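Working notes for the structure below.
The values are calculated or read from the model by the stated rules, or taken from the named source; none is laboratory data. These numbers come from a predicted model, not from an experiment. For neighbour counting, all protein chains shown are included, and Cβ atoms are generated from backbone atoms with ideal geometry for every residue, glycine included. Accessible surface areas use protein heavy atoms only, side chains included; no ligands, DNA or RNA. Shrake-Rupley method; radii C 1.70, N 1.55, O 1.52, S 1.80 Å.
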Amino acid sequence: MTIDQRVSPQAFAEHIAHLVRIIPEDPEISRAADLFTKALTGGGVIQAFGSGHSEAVAMEIAGRAGGLVPTNRLALRDIVRYGDAPREELDRYDLERDPSIAHTILDLAPVHRDDLFVIISNSGVNGVVVELATLVKQRGHDLIAITSRAHSDAVASRHPSGRKLADLADVVLDNHAPYGDAVLPLPDGGATGAVSTITSAMLAQLVVAQTVSNLLEAGERPPVYLSANVPEGDAHNLALEARYAGRIRRGA
């Protein structure tokens, strides 16, 4: 299939439409949903982490309308919000490259042994991401990665081990973003039109949809959020969240 390479909204839409057609064919989506289902039926919570733009995908998983209630979002800012790091620490340009930050984030998190982790990183090579994945596996948790195979394969790891997120995960979901993320080449070099947030969010929603299908097929009532902006939303959501008191955090 030939896709328009001109810099235009139509060309970008063609790229997205192509990716939307091929991504649901990935058999790893069902494998990821099986791990979600295993965690939820075993009393676990889905722990989602992404730094930079990847945090938007963690927000797709944890705490949104139509999504699963037993979910928790981890973030770089946790070292300030729940820890004692100074606010200025978040201004470090190299924060997500520092492996030690992963230890602090995990130590501050309300993690139980049955929890499942989803780590989102387009490159999958930065220190925090790889160290967090390493710690998660050392502690016996299942791990799902959402990453770009093309980008990750093209760059070196920034972790001392030389490993990447995809090397550590039990299931790897490829967001099909190209090296550099953007899909529309510019005449003098570079490109515009990044796709990874859109395709990674789609992968997250596909896994949730399959998980809900799995639960329904097993005769269980899926613990799913209503929109807080419908009249019955707050009461419904608060009742479900109460089942996971102290294990899920909501907020900015």
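Residues satisfying the criterion are absent from region 74-81 (criterion: surrounded by fewer than 18 Cβ atoms within 10 Å (Cβ to Cβ), free of Cβ contacts under 8 Å to residues at least 12 places away in the same chain, under 21 Å from Val195 (Cβ atoms) and not aromatic (Phe, Trp, Tyr)).
For first residues located in region 84-101 and free of Cβ contacts under 8 Å to residues at least 40 places away in the same chain, partners that are loosely packed, with under 14 Cβ neighbours inside 10 Å and lie 6+ apart or on another chain with Cβ distances below 7 Å do not occur. For region 206-223, the condition holds for at least one residue, the condition being that it is closer than 30 Å to Val7 by Cα and either touching a residue at least 40 places away in the same chain (Cβ under 8 Å) or open to solvent by 30 Å² or more (accessible area, probe 1.4 Å) (or both). Among residues of region 112-138 being in contact with a helix residue (DSSP H, G or I) (Cβ under 8 Å, 6 or more places away or on another chain) and open to solvent by 50 Å² or more (accessible area, probe 1.4 Å), the one that is farthest from Ile248 (Cα to Cα) is Lys137. Among the residues examined, Leu19 does not qualify as of a type in the set (A, V, I, L, M, F, W, C) and within 18 Å of Ile248 (Cβ to Cβ). Inside region 1-44, can you point out the residues that are in a loop (DSSP other than H, G, I, E, B) and surrounded by fewer than 16 Cβ atoms within 10 Å (Cβ to Cβ)? Hits for region 1-44 are Met1, Thr2, Ile3, Asp4, Gln5, Arg6, Val7, Ser8, Pro27, Gly42, Gly43. Under 29 Å from Ala133 (Cβ atoms) and touching a Pro at 6+ places or on another chain (Cβ under 6 Å): is that true of Ala191 in this structure? The answer is yes for Ala191. Screening Leu203, Leu215, Leu226, Leu186 for residues that are in contact with a helix residue (DSSP H, G or I) (Cβ under 6 Å, 6 or more places away or on another chain) and among the hydrophobic types (A, V, I, L, M, F, W, C) leaves exactly one candidate, Leu226.
Among the residues of region 84-111 satisfying the criterion of being aliphatic (A, V, I, L, M), over 21 Å from Gly124 (Cα atoms) and under 21 Å from the mean Cα position of the chain (by Cα), which is least open to solvent (accessible area, probe 1.4 Å)?
Within region 84-111, the first condition is being aliphatic (A, V, I, L, M), and the residues that meet it are 85, 90, 95, 101-102, 105-106, 108-109, 111.
The next check asks that each one be over 21 Å from Gly124 (Cα atoms); those that pass are 85, 108-109, 111.
From what's left, under 21 Å from the mean Cα position of the chain (by Cα): 108-109, 111.
Values: Leu108: 53, Ala109: 16, Val111: 45 Å².
Within region 84-111, the match that is least open to solvent (accessible area, probe 1.4 Å) is Ala109.
Specify the residue that is farthest from Ile46 (Cα to Cα); the eligible residues are those in region 189-216 that are hydrophobic (A, V, I, L, M, F, W, C) and touching an Asp or Glu at 6+ places or on another chain (Cβ under 6 Å). The extreme case among them is Ala194.
In region 177-184 there is no residue matching the filter, namely being open to solvent by 40 Å² or more (accessible area, probe 1.4 Å) and within 16 Å of the chain's Cα centre (by Cα).
Summed over region 56-67, residues that are in contact (Cβ under 8 Å) with a residue 40 or more places away in the chain and under 11 Å from the mean Cα position of the chain (by Cα) total 6.
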